[in-house]
Amino acid sequence: MKTLLSWARLLLLFSTTWVSSHFQVLFLSVYPKILWEPGLVVHRTRGQLSDLQLMWLAHLITATPGSLTVDVGEDKRTLTFHLLECHSGSRQEVLDLAQTYERYLTHAD
């Protein structure tokens with residue numbers, strides 16, 4: 001039951017993030033005079049994730065519009081993300097989201 005609940009929460013979180021990110025990218029596309037601040041963010045996982053969990057984490061971040069997983073470190077604990085908007089608030093938001101996804105993925109196994 002706990003596993004099912006974790007998957008349901010993960011799906012709900014991903015769905016709401018996915019929709020809101022689409023609106024943010026749409027806004028940036030409609031108003032091109034706004035300066036974009038693209039950049040890279042490095043996220044280190046809290047614990048050792050399995051290969052499957054790491055793949056899910058990378059794909060969940062990549063599936064969110066405006067972000068892309070660029071690299072998974074050799075230690076399999078460091079992920080590098082490219083963000084369309086990389087100001088400090090957006091950067092922290094993505095890192096928090098990655099930690100939340102990670103927490104749900106570890107509870108889902």
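Throughout, read-outs are computed from the coordinates displayed, never taken from laboratory work. Because the structure is a prediction, the values reported are computed rather than measured. Using ideal geometry, Cβ is built from the backbone for each residue, glycine included, and neighbour counts are taken over all protein chains shown.
Descriptive notes on the structure:
- For the range 38-92, the set of residues classified as touching a His at 6+ places or on another chain (Cβ under 8 Å), closer than 19 Å to residue 22 by Cβ and of a type outside the set (Val, Ile, Thr) consists of 38, 65, 67, 68, 81, listed by residue number.
- For the range 1-27, the candidate set comprises residues that are among the β-branched types (Val, Ile, Thr) and within 17 Å of residue 65 (Cα to Cα); within that set, the residue that is surrounded by the most Cβ atoms within 10 Å (Cβ to Cβ) is 17.
- Here 21, 90, 15, 67 are screened, and the one residue that is within 24 Å of residue 2 (Cβ to Cβ) and hydroxyl-bearing (Ser, Thr, Tyr) is 15.
- Unique match (being surrounded by fewer than 19 Cβ atoms within 10 Å (Cβ to Cβ) and more than 12 Å from the chain's Cα centre (by Cα)) among 93, 74: 74
- Residue count for the range 28-56, restricted to those that are in a helix (DSSP H, G or I) and either surrounded by 11 or more Cβ atoms within 10 Å (Cβ to Cβ) or in contact (Cβ under 8 Å) with a residue 60 or more places away in the chain (or both): 5.
- Tally, over the range 57-66, of residues that are assigned to a helix (DSSP H, G or I), small (Gly, Ala, Ser) and out of contact with any strand residue (DSSP E or B) (no Cβ under 6 Å at 6 or more places or on another chain): 1
For (1) under 23 Å from residue 107 (Cα atoms); (2) in contact with a Ser or Thr (Cβ under 7 Å, 6 or more places away or on another chain); (3) not aliphatic (A, V, I, L, M), each residue gets a yes or a no:
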residue: 56; (1), (2), (3): yes, no, yes
residue: 60; (1), (2), (3): yes, no, no
residue: 74; (1), (2), (3): no, no, yes
residue: 83; (1), (2), (3): no, yes, no
residue: 86; (1), (2), (3): no, no, yes
residue: 89; (1), (2), (3): no, no, yes
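- Subset of the range 1-37 [more than 21 Å from residue 58 (Cα to Cα) and small (Gly, Ala, Ser)]: 29
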